[in-house]
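Since every read-out is calculated from the coordinates, none of them should be taken as a lab result. Just so it is clear, the structure is predicted and the values come from calculations on it, not from any experiment. Because the Cβ atoms are built from the backbone with ideal geometry, glycine has one as well, and the counts that use them run over all protein chains shown.
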Amino acid sequence: MNISYAFKNIEASDHLKEYAASRFEKMGKFIGDTIETELQINLGVDKFRHQAEVILSADNLHISAYEESEDMYSTIDLVSEKLEAQLKRMRERHKERRRAGTPRSARMDVISFSDDTTDTTPIIKESDLFEPKPMSIDEAAMQLAALKYEFLVFRDADTDRVNVLYRTKTGDFGLIDPGN
């Protein structure tokens, strides 16, 4: 991680640079050790306010944080905590997106057979694209009971697999789970 400093109305001391670098080294665990990571730390004093602005740029990532207080060291602590919180939120969002993956869809076709016994090739009469909604098995059972359909295709919220809940001849429900 490349760290650059900018000072405004304050002397650029080595101790302040080392303190800021030690506080922001922890950010490396959230973004990895890529050479392209740039961290710009802008420190300034305006009368009695000590200000710190941090801009972090990496691969597909650009976040910034700003804080001010009456002490430069506490300002650096506050801005580093704010930046770390943003990085944690972004990492969690990224994990959730990866877990959810791309939405899968199922293609539904209506097939009919002709009465002629010599020609048994099915003809597709309709085609539709269906994106199953994530829900629990209980929610799917309640929805199937309310809608009076014969079956319901849904994404199990616990396993993230596409399942089919169908109505049996006795009025109960059956579940098809692919298991992979």
Placing +1 on the Cβ of each Lys and Arg and -1 on the Cβ of each Asp and Glu in segment 2-100, which of 75, 24, 7 has its Cα farthest towards the positive end of the resulting dipole? 24
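Hey, with R₀ at 35 Å, roughly what FRET efficiency would residue 45 and residue 160 work out to, going by the Cβ-Cβ distance, to 0.05? Mind dumping the intermediate values first?
Values: r = 52 Å, r/R0 = 1.48.
That gives a FRET efficiency of 0.10.
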Relative to the Cα centre, what is the charge dipole magnitude of segment 2-100, using +1 at the beta carbon of each Lys and Arg, -1 at the beta carbon of each Asp and Glu, and rounding to the nearest 20 debye? 680
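For a quick check: sort 75, 168, 37 by the number of other beta carbons within 10 angstrom, fewest at the front. Mind showing how you got there, number by number?
Values: 75 22, 168 9, 37 18.
In increasing order of surrounding Cβ atoms, one gets 168, 37, 75.
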Under 5 Å from the placed amide H of residue 37, counting only residues 5+ away or on other chains, we find 2
Segment 12-99: chymotrypsin sites (Phe, Trp or Tyr not before Pro) in DSSP loop, at most 12 other beta carbons within 10 Å: 48
Checking the cross-link filter: which lysines have an alpha carbon closer than 24 Å to that of residue 169, excluding same-chain neighbours under 8 positions apart? 148
Provide the per-residue ³J(HN,Hα) series for segment 153-167, in order, calculated from phi with Karplus coefficients 6.51, -1.76, 1.60 and θ = phi - 60°, each as a whole number of Hz, with x at glycine and proline positions. 9, 8, 9, 5, 5, 7, 9, 6, 10, 7, 10, 10, 10, 10, 8
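Of all beta bridges DSSP finds with both residues in segment 2-100, what is the antiparallel percent, to the nearest 5? Walk me through the numbers on the way to the answer.
Working: 18 of 25 bridges.
Among the beta bridges of segment 2-100, antiparallel pairing accounts for roughly 70 percent.
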Residues with amide H under 5 Å of residue 10's amide H, sequence separation 5 or more or different chain, H placed in the peptide plane at 1.01 Å from N; which? 45
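With both bridge residues required to lie in segment 1-55, what share of the DSSP beta bridges run antiparallel, to the nearest 5%?
Numbers: 7 of 14 bridges.
That works out to approximately 50 percent antiparallel.
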Charge sum, other residues only, whose C-beta stays under 13 Å from residue 74's C-beta, Lys/Arg counted +1 and Asp/Glu -1: -3
